[in-house]
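J.: Next up is a structure, given as structure tokens.
The values are calculated or read from the model by the stated rules, or taken from the named source; none is laboratory data. Bear in mind the structure is a predicted one, so any value in this text is a computation, not a measurement. Here Cβ is always computed from backbone atoms with ideal geometry, including for glycine, and neighbour counts include all displayed protein chains.
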Amino acid sequence: MKSIEKSYLYAGLSVLLWSTVATSFKLGLSELDFIQLIFYASATSVIILFFILVIQKKTKLLMQQTVGQLINSMVLGALNPLLYYLVLFKAYSLLPAQLAQPLNMVWPIVLTLLSVPLLGQKIGKWSIAGLVISFAGVVLISSQGGLSGFQNTSLNGVLLALGSSVLWALYWVLNVRDKRDGIVKLFLNFFFGLIFLAVTVFFFTEFRIEPGTGLYAAIYIGIFEVGVTYVFWMKAMQLSTNNAKIGNLIFLTPFLSLIFIRFILKETLFITTFAGLACIIAGILVQRFDKKNQINT
């Protein structure tokens, strides 16, 4: 198999696996609270990522970290998994999956906005147009099929889903500046994040391990939201001769996700969900035409 074919295979697997996690979030939340779910998912991720480090013979890199790098991992771990997933999972507990998942997709637009204060960049006309189009998408999704649907939509849930995009964009900016090995960074971020989450569980909920849908979903999320799928995606980008084309495949994820949401969660899908999601993705693509926007989203 040629390298380009392998890159599309790894990318396709990543997109397929990531498209299942929104459904897994809701299944997990059916038995666990949002704090417990991210704790057990993160614990699984830490184990999986450590085994990946062993397989790739990178464990020695863990012993070569400077104090500054460890502090950086602690900060990033506080952002993700601690804050990001706590906010995201709380949003999922308040909203149908078909609303929470697309709303979380606006992070590239948020990233453009954050580039102004954090990177000193300017927002051009294409970025403004993309922001408006994506905002229209958010309104469409929140309507749940029509004007009357706004009454059934949790405003707190919408704000939390959008807030998770802000946290992810901030994490992305800080993480991309860190030039360490990708797997090493991710392991240390989740290792420190797991410590923070353990404290959070102790004070705000309880440690409870009971075999069932919730625990199995948490393990699934830990493996396929972060661990194995992240490695597949990195492999796809390494093998690709055109990262832009491979990167655009990620936009298939929310549409595929709706299939799992419909047939596993049995949610009735609204036409406004598809229309809103299309607007959000269109807004992301439109802002890429802005020559002043130097961030590769």
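J.: Go through region 119-147 residue by residue and tally those that are in a helix (DSSP H, G or I), more than 17 Å from Leu95 (Cα to Cα) and among the polar types (S, T, N, Q).
T.: 2
J.: Hey, another quick one. Only residues in region 1-26 that are of a type in the set (Val, Ile, Thr) and surrounded by 15 or more Cβ atoms within 10 Å (Cβ to Cβ) count as the first member; pair them with residues that are at pLDDT 95 or above and not in a helix (DSSP H, G or I), Cβ under 9 angstrom, at least 6 apart or cross-chain, and list the lot.
T.: Between residues of region 1-26 that are of a type in the set (Val, Ile, Thr) and surrounded by 15 or more Cβ atoms within 10 Å (Cβ to Cβ) and residues that are at pLDDT 95 or above and not in a helix (DSSP H, G or I), the close pairs are Thr20/Ile264; Thr23/Ile264; Thr23/Leu265.
J.: Considering region 213-236 alone, what residues qualify as being among the small types (Gly, Ala, Ser) and modelled with pLDDT under 95? Break it down into steps so the answer makes sense when it comes.
T.: From region 213-236, those among the small types (Gly, Ala, Ser) are 214, 217-218, 222, 227, 236; that's our starting set.
If the condition is that a residue be among the small types (Gly, Ala, Ser) and modelled with pLDDT under 95, then Gly227, Ala236 are the ones that fit.
J.: If you don't mind, another one. Any residue in region 238-258 that's within 20 Å of Ile4 (Cβ to Cβ): show its pairings with residues that are of a type in the set (Lys, Arg) at Cβ separation under 6 Å, as long as the two are six or more apart or on different chains.
T.: Leu239/Lys6
J.: Restricting the search to region 103-132, which residues are surrounded by fewer than 21 Cβ atoms within 10 Å (Cβ to Cβ), touching a residue at least 12 places away in the same chain (Cβ under 8 Å) and among the β-branched types (Val, Ile, Thr)?
T.: Ile123, Val132 - these are the residues of region 103-132 that are surrounded by fewer than 21 Cβ atoms within 10 Å (Cβ to Cβ), touching a residue at least 12 places away in the same chain (Cβ under 8 Å) and among the β-branched types (Val, Ile, Thr).
J.: Of all residues in region 238-288, count the ones that are of a type in the set (Phe, Trp, Tyr) and at pLDDT below 80.
T.: Filtering region 238-288 for residues of a type in the set (Phe, Trp, Tyr) gives 251, 255, 260, 263, 270, 274.
In the following step, the residues that additionally are at pLDDT below 80 were identified as none.
Final tally of qualifying residues: 0.
J.: Evaluate region 261-270: report whether one residue or more is in a loop (DSSP other than H, G, I, E, B), surrounded by 19 or more Cβ atoms within 10 Å (Cβ to Cβ) and hydrophobic (A, V, I, L, M, F, W, C).
T.: Among the residues of region 261-270, at least one is in a loop (DSSP other than H, G, I, E, B), surrounded by 19 or more Cβ atoms within 10 Å (Cβ to Cβ) and hydrophobic (A, V, I, L, M, F, W, C), which makes the answer yes.
J.: Could you say which residue among Phe39, Phe25 is part of a helix (DSSP H, G or I), modelled with pLDDT of 95 or more and closer than 22 Å to Lys185 by Cα?
T.: Values: Phe25 fails: closer than 22 Å to Lys185 by Cα.
Answer to the selection: Phe39.
J.: Then there's this: Read through the list (1) over 23 Å from Glu206 (Cα atoms); (2) outside any helix (DSSP H, G or I); (3) in contact with a Gly (Cβ under 8 Å, 6 or more places away or on another chain), then give the number of the only condition that Gln64 fails.
T.: Failed condition: (3).
J.: Keeping to region 65-90, report how many residues are over 16 Å from Ile183 (Cβ atoms), of a type in the set (Ser, Thr, Tyr) and either at pLDDT below 95 or over 14 Å from the mean Cα position of the chain (by Cα) (or both).
T.: The qualifying residues number 1.
J.: Let me ask something else. Select, from Ala161, Ala78, the only residue that is in contact (Cβ under 8 Å) with a residue 60 or more places away in the chain, among the aliphatic types (A, V, I, L, M) and surrounded by fewer than 19 Cβ atoms within 10 Å (Cβ to Cβ).
T.: Going through Ala161, Ala78 in turn, just one is in contact (Cβ under 8 Å) with a residue 60 or more places away in the chain, among the aliphatic types (A, V, I, L, M) and surrounded by fewer than 19 Cβ atoms within 10 Å (Cβ to Cβ): Ala78.
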